[in-house]
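The values are calculated or read from the model by the stated rules, or taken from the named source; none is laboratory data. The model shown is predicted, which means the values in this text are computed figures rather than measured ones. Cβ atoms come from the backbone with ideal geometry, glycine included; neighbour counts cover every protein chain shown.
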């Protein structure tokens, strides 16, 4: 009974992640923007493994491509590969301590960035700052907060 | 368990193939542009949702600036306007004289096209993508390929038009090419973006070409996309390596690509002949 309406929270959180991705940031701090959409997807995949799947991540990736003006399919392939790994490891990831989890997220974000980097390399538009890679560190730092916030939200709206 | 996992793997495999196919078609052809526009129409509210509060805060800042600073700014602006008007008088005389001379030479006279001021929306793209989003679109007759300028120079061209927004490819993108001409020596070249350095590179310029540092390059109007005579940038370095066939020339863009808020959309004169008549003095 309660389940159907409470799932609305999933797209709502994703929309907030999109807004954070579009939010203008001053100067060089644009390079430090955490991978919001990816982290939100990782969280939902870890906690609702039977509802989230690779296809959904791919679809979100296409939306992200259109919003950020990258090649159509670039974010889609990166997101679906990372989410595939999360689906394979979800039970293990959930058992980890927060620190271990954050380190795993850093590795996953790094992989995501690496795929984007490769695609950008193929089309000859590499990011011009080494700060590009710092995004995985900022993502790692933000992860515990995202986890706690979404965990609270999930309990309150009883999403299972 | 095994069945479920292998199913997901298969799905990933197919999605990866679709993504790669999409990326290749997007990079090589214009076929998926339509699809991109269709997807971006429902996403436009998101861009407005981010952009409007920021613009609102900016406006609020303007409202709250004190009377004193406003008076001072007003005074400065008036002085500047006077100066510009004085310069304009000279240009008007020169322009009419120029048109007269061109008429004598029986070539097409230069007339100003229609211009529209657009605002850059306060939304970020990925930092390695050289694009901006404007708040004017199909409703204001913006078209793909339209040149975009700011107060100091050429910014780029429109590559995608949505009903109320449009996307602009900046001149620093490797996919952007602008036909330019040196003001000092008249040497022509094609200026291609160099996203790695954030500058513009002149392609295939022979070692013997007369180009020095601090030369100014204007759009030449060849290629019929950018109108002639707008500044593209200033040469910052000329490297002539005897081992290479062409010299490597870097140009600093004149437009303030990361600082402007307002930009100009230009309708080249031939497209609005009827409107020009009423505007020409």
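Things worth noting here:
- Flag if residue B:202 is crowded, with 18+ Cβ neighbours inside 10 Å and in contact (Cβ under 8 Å) with a residue 60 or more places away in the chain: no
- Among (1) within 8 Å of chain B (Cβ to nearest Cβ); (2) within 23 Å of residue A:15 (Cβ to Cβ); (3) at pLDDT below 90 - the single one residue A:76 does not satisfy: (3)
Table: residues versus (1) within 10 Å of chain A (Cβ to nearest Cβ); (2) surrounded by 11 or more Cβ atoms within 10 Å (Cβ to Cβ); (3) in contact with a helix residue (DSSP H, G or I) (Cβ under 8 Å, 6 or more places away or on another chain); (4) modelled with pLDDT of 90 or more.
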| residue | (1), (2), (3), (4) |
| --- | --- |
| B:15 | yes, yes, yes, yes |
| B:20 | yes, yes, yes, yes |
| B:29 | no, no, no, no |
| B:47 | yes, yes, yes, no |
| B:50 | yes, yes, yes, no |
| B:58 | no, yes, no, no |
| B:62 | no, no, no, no |
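- Test: residue in the stretch A:35-57 that is surrounded by fewer than 22 Cβ atoms within 10 Å (Cβ to Cβ), under 13 Å from the mean Cα position of the chain (by Cα) and within 10 Å of chain B (Cβ to nearest Cβ): no
- Of B:150, B:241, all but one fail to be out of contact with any helix residue (DSSP H, G or I) (no Cβ under 7 Å at 6 or more places or on another chain), modelled with pLDDT under 90 and either within 14 Å of chain A (Cβ to nearest Cβ) or closer than 18 Å to residue B:118 by Cβ (or both); the exception is B:150.
- Taken over the stretch A:79-92, the criterion of being more than 9 Å from chain B (Cβ to nearest Cβ) and surrounded by 21 or more Cβ atoms within 10 Å (Cβ to Cβ) is satisfied by A:79, A:82, A:86.
- Restricting attention to the stretch B:162-175, the residues being over 16 Å from residue B:40 (Cα atoms), outside any strand (DSSP E or B) and either in contact (Cβ under 8 Å) with a residue 60 or more places away in the chain or in contact with a helix residue (DSSP H, G or I) (Cβ under 8 Å, 6 or more places away or on another chain) (or both) number 2.
- Condition check for residue B:118: at pLDDT below 80 and either under 27 Å from residue A:22 (Cβ atoms) or more than 14 Å from chain A (Cβ to nearest Cβ) (or both): no
- Count of the stretch B:151-161 residues, restricted to those that are part of a loop (DSSP other than H, G, I, E, B) and crowded, with 21+ Cβ neighbours inside 10 Å, is 1.
- Note on the stretch A:112-154: among residues that are under 17 Å from the mean Cα position of the chain (by Cα) and surrounded by fewer than 15 Cβ atoms within 10 Å (Cβ to Cβ), the one that is nearest to residue B:21 (Cα to Cα) is A:114.
- Looking only at the stretch B:189-199, and only at residues there that are within 14 Å of chain A (Cβ to nearest Cβ) and in contact (Cβ under 8 Å) with a residue 12 or more places away in the chain, the one that is surrounded by the fewest Cβ atoms within 10 Å (Cβ to Cβ): B:197
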